[in-house]
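A.B. asks: What follows is a single structure, and I will ask about it in a moment.
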Amino acid sequence: MILYLLRHGDAVESGFDDSSRPLSLPGEEQAARVANVFSMLHLPLDAILSSPLVRAKQTAEIIGAALNGVKCDATEYLVPGTNEKQLFQQLNEMRKQSVLLIGH
């Protein structure tokens, strides 16, 4: 399995609790640029897993939509401080060739 690792795009700094902070406009543009890189380099991508925090989910959705609807799912196993063994188990159960992980 090919794993791509990505930190979410830039998020707004204030006005929201941490788990609800959305992407800023520059963060949305960063996510779109990542999608362009995947497309230009013809990188294989079968699925996207993100943290359930808003900014990570938004990053995943922007990239997935730009890449012809690559399926995006959120997983608690990408929240800071979780046990990576659970993430590895989830990845193995997915049986995908290439997955983008979006965390913090």
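A.B. asks: How much length, in nm to one decimal, is gained on full extension between MET1 and PHE16, taken as 0.36 nm per residue of separation minus their Cα-Cα distance? Walk me through the numbers on the way to the answer.
C.D. replies: Working: separation 15, 0.36 × 15 = 5.40 nm, distance 3.62 nm.
That works out to 1.8 nm of additional length.
A.B. asks: Shifting gears a bit: What residues qualify as long-range amide H neighbours of ALA11, i.e. H under 5 Å apart, gap of 5 or more or another chain, H built at 1.01 Å from N?
C.D. replies: SER24
A.B. asks: How large is ³J(HN,Hα) for each residue in region 57-69, as worked out from phi by the Karplus curve 6.51 cos²θ - 1.76 cosθ + 1.60 (θ = phi - 60°), to whole Hz, x for Gly and Pro?
C.D. replies: Couplings: 4, 5, 4, 4, 5, 5, 5, x, 5, 5, 9, 6, x Hz.
A.B. asks: So what's the convex hull volume per residue for the Cα atoms of region 11-68, in Å³? Show your work: numbers first, answer last.
C.D. replies: Numbers: hull volume 3.9 nm³, N = 58.
Expressed per residue, the convex hull around the Cα atoms of region 11-68 is 66 Å³.
A.B. asks: So, one more: Over the chain, average the accessible area per residue using a 1.4 Å probe and give it in Å², no decimals.
C.D. replies: I get 59 Å² per residue for this part.
A.B. asks: Taking all protein chains in place and a 1.4 Å probe, what share, in percent, of the accessible surface of the chain do carbon and sulfur account for?
C.D. replies: Values: 3170 of 6160 Å².
Carbon-and-sulfur percentage of accessible area, whole number: 51.
A.B. asks: List, largest first, the extents of the alpha carbons of the chain along their principal axes, each in whole Å.
C.D. replies: Reported extents, whole Å, longest axis first: 39, 34, 17.
A.B. asks: Moving on to the next point. Would you please give the residues with an amide H less than 5 Å from that of TYR4, counting only those at least 5 places away or on a separate chain, with H modeled from the backbone geometry?
C.D. replies: Sorted by chain and number, the residues that satisfy this are VAL99, LEU100, LEU101.
The values are calculated or read from the model by the stated rules, or taken from the named source; none is laboratory data. Quick caveat, the model's predicted, so the values are computed rather than measured. Protein only, heavy atoms only, side chains kept; ligands, DNA and RNA dropped before computing areas. Shrake-Rupley method; radii C 1.70, N 1.55, O 1.52, S 1.80 Å.
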